[in-house]
Amino acid sequence: MSEAAAGQAADALTQTAVRRRHVSALAPLRHPVYRSLWIAQLVSNVGTWMHDVGAAWLITESHASPLLASLLQTASSLPVVFLALPAGTVADVVDRRQILLMTQTWMCLVAGLLGVLTLAGLTTPAVLLGFTFAMGVGVALNTPAWQATVPSVVPREELTAAAALGSVGFNIARVVGPALGGLIVAAAGSWAVFLLNALSFFGTIGVLWTWKPPKRDSALPRERFYGALRAGFRFARHAPSLRSILIRTSAVVIPGSAVWALLPVLARRLELTSFQYGTLLGCLGLGAVAGAVLLPMLRRRYSIDVIVAGGSLIWAGAAVSLAFAGRFPVLCATLAIGGMGWITLMSNLNAAAQTALPSWVRARGLAFYILAFQGGFALGGVLWGSVASATDLRTTLLLSAAGVTMGLLTIRKHRLDAAVAGDVTTSLHWPTPRLYQEPSAEDGPVLVTVEYLVPREAGEAFVADARRFERLRRRDGALQWGLFRDLEDPRRWLETFLVESWAEHMRQHGRHTVADRAIEQRALRHLVAGETPKVSHLMWGGAEADATSDGQDP
């Protein structure tokens with residue numbers, strides 16, 4: 001790559017970063033589809049928070065132990081552990097709108113049936129945990145498709161603002177829902193909030209029913225489920241940016257989940273009413289909304305890593321304060337401040353996950369993120385409930401705060417700023433190979449060879465740069481990769497990678513990004529002047545599908 005080209009690439013990245021920093025916090029609401037989905041989801045989230053208050057209060061009415069109460073969080077989160085990755089795979093290969101319609105309808109039916117059973121006096125702790133698990137199944141199947149839909153209805157530079165708006169809507173619901181839910185539970189009982197939650201899904205179902213997403217325009221056949229699932233695992237294994245986001249998420253969610261798991265127990269121990277418990281959750285949401293207002297200003301002044309570290313320390317401080325607080329006003333103030341810290345964590349981690357993922361694997365990548373998030377809650381519910389049962393609430397919350405603080409040690413090797421720095425827009429810089437006979441989509445495996453002619457004195461530098469190709473090829477579908485030097489001609493290097501089918505290799509053409517192209521250009525600058533790579537495609541078993549390109553692929 002020439003110095004001019006390198007300078008242009010750097011300028012492009014800088015301009016992209018500047019656009020992200022100066023996007024208005026409300027910009028995504030200018031897009032009608034996003035605006036309608038946001039409003040409908042806000043109403044649904046109000047119902048969900050009302051539902052959660054009713055469930056938490058119902059299970060503590062049975063004088064359940066801290067462990068049983070915390071299992072409510074585990075029952076809600078555990079389905080994600082089993083279903084997030086399959087759900088993300090399905091969301092990448094079939095119509096996401098259909099998935100969302102089915103999952104929203106499922107959650108509506110589950111909430112409605114739970115309300116009827118509770119009204120009839122048939123909801124025991126075991127029944128409640130079962131229905132909470134069933135609701136979690138709907139959330140697990142819905143969330144990857146929902147998260148992956150956002151980047152398709154707003155521009156890339158507005159993704160961070162869209163993630164923050166999603167958090168704002170969620171936390172506005174957290175302000176209104178728990179307080180309203182607490183009042184309704186006190187006045188009528190938990191059955192009423194369950195039925196109201198069922199009604200809240202109708203708005204989202206209506207918006208999805210009328211939305212007409214753009215049709216898929218690829219000429220390639222859709223990925224099959226198991227092949228797509230393997231591709232998702234392969235991407236996660238060979239994508240350092242996603243791996244850093246997952247590690248950072250786990251490092252804060254697992255220790256930080258203690259506050260969420262044990263807040264109902266703390267409220268019972270302090271003999272608070274259901275309305276006061278709902279008010280505590282509302283204070284969390286109020287603080288989060290206030291934090292969301294401050295986020296655009298923080299992003300203009302600080303990096304993502306600094307903001308997330310600050311949010312972690314605020315959340316750890318809130319856990320310490322809760323360990324010693326005994327008065328209701330102090331609890332409210334503590335949770336309001338804690339809510340500001342929590343939104344800085346969640347909105348930035350979520351935005352990082354959406355920004356770092358290319359479109360072809362977005363739902364699968366987000367499924368890994370959701371798995372780290374909800375799996376952390378599921379594990380944390382069991383862990384901190386057990387610790388609280390063996391010790392006491394104060395000790396548990398102090399240990400939680402220590403864990404969140406220690407999680408900051410992961411910043412050194414897993415920086416979020418680096419994870420979102422690359423441009424994952426599809427580059428389409430691999431031209432279609434010229435074949436004398438077109439193979440069928442499922443023919444394979446396919447061996448791709450790329451021949452490079454490199455001056456002897458540049459060999460070491462070329463190898464150092466070309467070894468980075470392995471991660472790119474494997475991430476996008478290669479089963480094997482190698483780089484070989486010709487013993488007869490020391491200038492000749494041969495890169496090889498094996499792909500399971502012709503269709504999968506053609507998908508590789510659409511998976512390479514602008515950031516990948518920059519990596520390739522860095523290695524190609526070492527070639528003999530005037531030389532270009534020579535690419536060959538060979539089909540397994542001597543099938544008549546061998547082809548050689550014109551030296552432009554990749």
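The values are calculated or read from the model by the stated rules, or taken from the named source; none is laboratory data. This structure is a prediction, so every number in the text was calculated from the model and none was measured. A quick note on method: Cβ atoms are made from the backbone with ideal geometry, for glycine too, and the neighbour counts reach across all protein chains shown.
Is at least one residue of the range 397-406 within 30 Å of Pro151 (Cβ to Cβ) and either outside the structural domain of Pro155 (by TED's automatic domain parsing) or in a helix (DSSP H, G or I) (or both)? Reasoning before the result, please.
Taking the range 397-406 first, the residues within 30 Å of Pro151 (Cβ to Cβ) are 404.
With either outside the structural domain of Pro155 (by TED's automatic domain parsing) or in a helix (DSSP H, G or I) (or both) added as a condition, the list becomes 404.
Yes: the range 397-406 contains one or more residues that are within 30 Å of Pro151 (Cβ to Cβ) and either outside the structural domain of Pro155 (by TED's automatic domain parsing) or in a helix (DSSP H, G or I) (or both).
Could you identify the single residue in Phe194, Phe235, Phe225 that is modelled with pLDDT of 80 or more and exposed (fewer than 15 other Cβ atoms within 10 Å of the Cβ)? Before the answer, list the steps.
On the way: Phe194 fails: exposed (fewer than 15 other Cβ atoms within 10 Å of the Cβ); Phe235 fails: exposed (fewer than 15 other Cβ atoms within 10 Å of the Cβ).
Step by step, each of Phe194, Phe235, Phe225 is checked, and only Phe225 is modelled with pLDDT of 80 or more and exposed (fewer than 15 other Cβ atoms within 10 Å of the Cβ).
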If a residue has to be exposed (fewer than 15 other Cβ atoms within 10 Å of the Cβ) and within 26 Å of Asp305 (Cβ to Cβ) to count, how many in the range 388-409 make the cut? 3
Looking only at residues in the range 516-535 that are touching a Gly at 6+ places or on another chain (Cβ under 9 Å) and of a type outside the set (A, V, I, L, M, F, W, C), which one is surrounded by the most Cβ atoms within 10 Å (Cβ to Cβ)? Asp516
Looking only at the range 319-338, decide whether some residue is surrounded by fewer than 22 Cβ atoms within 10 Å (Cβ to Cβ), part of a helix (DSSP H, G or I) and polar (S, T, N, Q). yes
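Would you confirm whether or not the range 133-148 contains a residue that is more than 18 Å from Gln374 (Cβ to Cβ) and surrounded by fewer than 21 Cβ atoms within 10 Å (Cβ to Cβ)? Let's see the steps before the verdict.
Taking the range 133-148 as the starting set, the residues that turn out to be more than 18 Å from Gln374 (Cβ to Cβ) are none.
Among the residues of the range 133-148, not one is more than 18 Å from Gln374 (Cβ to Cβ) and surrounded by fewer than 21 Cβ atoms within 10 Å (Cβ to Cβ), which makes the answer no.
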